[in-house]
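Enquirer: Structure in structure tokens, see below.
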Amino acid sequence: MNGILATLQRELRAYFFSPLAYVVLCFLLVVNGIVFALILSFLNDPMSPAGRPLDLFFGGTFFFWLVVVFVAPVLTMRLLAEERRSGSIEVLMTAPVTEGQVVAGKYLAALLFYAFLWLPTLAYAGIVAYNSKIDWGVVGAGYLGILLVGALFLSVGTFTSAMTSNQIIAAVMAFAILLGLFAFSLVQYLATASAFKDALAYLSIPQHMEEFAKGVVDTRRLVFYVTSTLFFLFLTSRALEARKWR
């Protein structure tokens, strides 16, 4: 546990003192602010269908997924790739910590910073609540979805960061895997067999997010994200262990 906390504190300091992290924060806030304003403008149009702003904000637009898919690889690309490039990974692996503790500490730091990036968007919920009645349970489910999707995407980025010493390559590899995860959603719409379609629906991340945005928290979705995240973190730990014995 001490190894996890030490790594977590070290990585959090690196995030909050990194200019790139604040570039990502500005990018996320600018894009989300523009998207939220466009959503309000769209719903205020008398010709537009009725809807709730936060339903669209939580995964209902292309820009939401653009932000998440961009942010996760950028936040994780340096976690282990930079350690490998600089050679500090050798020192880290000889320290009295296990591969699992290193991975857990670095990953938790990325997850906490990811949650910090979304914290200012609570103001959007406050704006909606000020002007109309709002179900905070639905809002909580929406943010739970954002956290779970981010947790999975960050675990993918952590894994690819352990596979190379080049940060850009790590980010590109993570981006490619995330696009592969989205491919299940596209195949689902093309599938004709109901059993196959149901199986793909279990893997459809946009469909999961749509449920969270409506306030539906299905335990099957929770199991999917927890197990998938742990799977990629396990692969990351094994990748570090394999390098240790080279």
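Enquirer: Would you call ALA72 assigned to a helix (DSSP H, G or I) and at pLDDT 85 or above?
Expert: Working: assigned to a helix (DSSP H, G or I): yes; at pLDDT 85 or above: yes.
Against the criterion (assigned to a helix (DSSP H, G or I) and at pLDDT 85 or above), ALA72 qualifies.
Enquirer: For PHE175, are the conditions met, namely being out of contact with any Ser or Thr (no Cβ under 8 Å at 6 or more places or on another chain), of a type outside the set (Lys, Arg) and modelled with pLDDT of 70 or more? Write out each step before concluding.
Expert: On the way: out of contact with any Ser or Thr (no Cβ under 8 Å at 6 or more places or on another chain): yes; of a type outside the set (Lys, Arg): yes; modelled with pLDDT of 70 or more: yes.
Criteria met by PHE175.
Enquirer: If I go through the stretch 135-168 residue by residue, how many of them are without any contact (Cβ under 8 Å) to a residue 40 or more places away in the chain and farther than 13 Å from TYR114 by Cα?
Expert: Final tally of qualifying residues: 2.
Enquirer: Go through (1) outside any helix (DSSP H, G or I); (2) touching an Asp or Glu at 6+ places or on another chain (Cβ under 8 Å); (3) modelled with pLDDT under 80 for LEU92 and report which single condition fails.
Expert: Looking at each condition in turn, LEU92 falls short on (1).
Enquirer: Related question: Within the stretch 12-21, track down each residue that is assigned to a helix (DSSP H, G or I) and either within 17 Å of the chain's Cα centre (by Cα) or among the hydrophobic types (A, V, I, L, M, F, W, C) (or both).
Expert: Taking the stretch 12-21 as the starting set, the residues that turn out to be assigned to a helix (DSSP H, G or I) are 12-16, 19-21.
Result: LEU12, ALA14, TYR15, PHE16, LEU20, ALA21.
So that you can scan it fast, the table gives a plain yes or no per residue for (1) of a type in the set (Gly, Ala, Ser); (2) at pLDDT 85 or above; (3) surrounded by 15 or more Cβ atoms within 10 Å (Cβ to Cβ):
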position	(1), (2), (3)
ALA6	yes, no, yes
PHE16	no, no, no
ALA21	yes, no, yes
LEU28	no, yes, yes
SER41	yes, no, no
ASN44	no, no, no
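Results for (1) part of a helix (DSSP H, G or I); (2) crowded, with 17+ Cβ neighbours inside 10 Å; (3) under 15 Å from the mean Cα position of the chain (by Cα), shown as yes or no for each residue.
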site	(1), (2), (3)
ALA125	yes, yes, no
VAL128	yes, yes, no
ILE146	yes, yes, yes
LEU152	yes, yes, yes
THR164	no, yes, no
ALA171	yes, yes, yes
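Enquirer: Then there's this: Any chance the stretch 214-224 includes a residue that's modelled with pLDDT under 90 and closer than 28 Å to ARG78 by Cα?
Expert: The answer is no; no qualifying residue exists.
The values are calculated or read from the model by the stated rules, or taken from the named source; none is laboratory data. Since we're looking at a predicted model, the values are computed, not measured. Here Cβ is always computed from backbone atoms with ideal geometry, including for glycine, and neighbour counts include all displayed protein chains.
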